[in-house]
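A.B. asks: Here it is, the structure in full.
The values are calculated or read from the model by the stated rules, or taken from the named source; none is laboratory data. Quick caveat: nothing in here was measured; it's all calculated off a predicted structure. Quick reminder, even Gly has a Cβ in these numbers, built from the backbone with ideal geometry, and neighbours come from all protein chains shown.
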Amino acid sequence: MKRFFVIAAWELLQHLRRRSFMGMTVVMPLVITALILIPLFYYQTTRAGMDLVIGMVEVDTSGYFPKLTEKLILSGNQQGPLVLLEPIEPDTSLTLLGEFGRMDTLRHQLDSLQEAYNRIKEQRNYYFRQPPSRTRERNLSRSYDELLATRENRDLTEVTLNRHKTSLDSVWQVNLVGLADSLLKTKRIAGYVLINGNTFKDGMVEFHSEQPINFLRLNPLRNALQVLLVEERMAREGTTVDKIQELLSPINIQEMLLEDSGKHEFKFLTTYLTPAVIVLLLFVAVFTPAYFLFSTVSREKHRRLLPVLLSSVSPANLIAGKVVGLWLLGAIQVGVWILIATLLRAAGFLPAEDLRFLNLTNAGLFFMYYTLGYALFSAIFISLAALSRTRQDGQTLLVMLGASVVLLIGLMSIALLAPDSLMVRLLSYVPFLTPAFMILRIPLAYPPQVDFYVTAVLCVVVAIVLFLVAYRIFRQMALSDTREMGIGEIISELRGS
């Protein structure tokens with residue numbers, strides 16, 4: 001038993017003085033926090049400090065630009081960038097100006113024909129009121145022919161005008177969209193909104209942009225368009241302007257989050273990002289001593305130190321001493337983090353009201369799941385170190401294990417989106433996922449008490465099985481650093497032992 005404590009103390013003190021441990025304890029939390037917070041703060045500051053210039057293309061003469069600009073100004077303080085509208089008007093060529101002139105001529109002709117048609121109808125009404133005579137009949141016959149001819153010319157001119165207008169609107173829209181696209185490509189505008197008066201009545205508006213992020217910044221513009229559309233619809237129903245403004249007065253929603261400790265205002269930074277940082281720190285706490293364990297076993301094997309050690313201590317004591325010593329190393333790491341968090345919270349750098357889950361109970365749960373996670377992965381790392389014939393083999397095995405860890409981190413997004421879902425709860429029962437998922441669920445949706453007992457028992461059982469396998473592999477492979485063994489031979493050796 002004395003040798004067990006000697007080995008544990010040796011492993012603890014040897015790695016406690018290493019610079020890599022100090023870096024993982026002090027520098028790594030800062031790096032993780034910076035990697036998460038810097039993009040967030042950059043996104044928020046650029047959204048708040050950079051105006052979003054949006055062009056506005058109107059394919060008709062509805063005149064929505066001044067109305068929409070007014071709605072954006074009246075919207076008050078906006079979260080994110082200030083949306084600025086810029087009207088886009090085409091550079092009309094001589095050909096396009098000629099087409100507009102022709103359309104004006106057709107419109108004047110149509111108005112003249114309509115006036116002539118109305119005048120002839122009035123004349124016929126006058127003739128009808130005259131007493132019967134040959135002159136009356138002759139005037140009615142002549143006016144009827146004029147009425148038919150004028151109506152035909154009016155209808156023909158109207159058809160020609162509509163066709164010309166449709167064609168000109170198409171050319172006009174192509175010209176406008178082409179100009180807007182050129183402004184978009186030259187970065188003069190972040191995007192442009194395309195409004196057609198006919199489709200806008202049905203709530204259809206297009207927004208064009210080159211950068212996907214701009215589609216996430218449209219809330220001010222979307223709200224202004226919604227208010228403008230509702231005002232138009234209500235005005236068509238006869239609602240007064242004052243009544244419209246009263247009905248469209250904005251509403252402020254205070255977001256309250258219910259937890260076991262009570263209700264408090266929801267904040268994205270503390271509710272989602274802080275648990276993510278804590279889970280990443282859990283990975284650091286688990287894999288730092290586990291990697292040191294792999295490194296020391298692999299180094300002692302390849303330097304032929306294991307036969308010397310095993311001549312004076314049993315394999316069980318050697319493994320147990322190394323595992324416990326490095327577990328204490330990780331426990332010191334976790335203790336330092338808890339102490340730093342406590343001091344920062346006491347000093348007011350961490351808002352106590354927003355971080356209610358940073359308490360002693362949850363700190364104990366973090367420590368428990370650190371222990372369980374370390375037990376699971378340390379058994380695997382011992383087996384990998386014993387199976388590796390060279391350092392290169394060991395590094396290859398570590399890379400393969402690292403790929404699975406990346407997958408594990410990817411699964412964390414499910415817990416962030418739906419922490420109380422059945423899938424997340426089932427994934428929490430998978431021992432290798434248990435520490436991360438349970439720690440992530442605690443601040444987001446506190447798990448039922450039975451989940452803590454079930455997950456702890458499952459992790460302990462699986463860890464015991466893995467340690468038994470690791471012990472047999474270590475005992476069989478510790479002295480075999482030159483002979484290559486296949487999977488079948490390893491399994492047969494394990495069965496035989």
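A.B. asks: Residues that are more than 32 Å from the chain's Cα centre (by Cα), modelled with pLDDT of 80 or more and either surrounded by 13 or more Cβ atoms within 10 Å (Cβ to Cβ) or in a strand (DSSP E or B) (or both): does the stretch 263-285 have at least one? Steps first, please.
C.D. replies: As a first pass, look at the stretch 263-285 and keep what is more than 32 Å from the chain's Cα centre (by Cα): none.
No, there is no match, as no residue in the stretch 263-285 is more than 32 Å from the chain's Cα centre (by Cα), modelled with pLDDT of 80 or more and either surrounded by 13 or more Cβ atoms within 10 Å (Cβ to Cβ) or in a strand (DSSP E or B) (or both).
A.B. asks: Moving on to the next point. Out of the stretch 61-91, which residues are at pLDDT below 75 and either in a strand (DSSP E or B) or surrounded by 11 or more Cβ atoms within 10 Å (Cβ to Cβ) (or both)?
C.D. replies: Scanning the stretch 61-91 gives 62, 74, 75, 78, 80, 81, 82, 90.
A.B. asks: Name every residue in the stretch 184-209 that is crowded, with 18+ Cβ neighbours inside 10 Å and part of a helix (DSSP H, G or I), in order of residue number.
C.D. replies: Scanning the stretch 184-209 gives 184, 200.
A.B. asks: I would also like to ask the following. Being part of a helix (DSSP H, G or I) and touching a helix residue (DSSP H, G or I) at 6+ places or on another chain (Cβ under 7 Å) is the requirement here; does residue 427 meet it? Give the steps one after another, and end with the answer.
C.D. replies: Details: part of a helix (DSSP H, G or I): yes; touching a helix residue (DSSP H, G or I) at 6+ places or on another chain (Cβ under 7 Å): yes.
Yes: the conditions hold for residue 427.
A.B. asks: So, one more: Condition first: at pLDDT below 85, at negative phi, assigned by TED's automatic domain parsing to the domain that holds residue 445 and in contact with a Gly (Cβ under 8 Å, 6 or more places away or on another chain). Can you find one or more residues in the stretch 362-374 that meet it?
C.D. replies: No, the conditions are met nowhere in the stretch 362-374.
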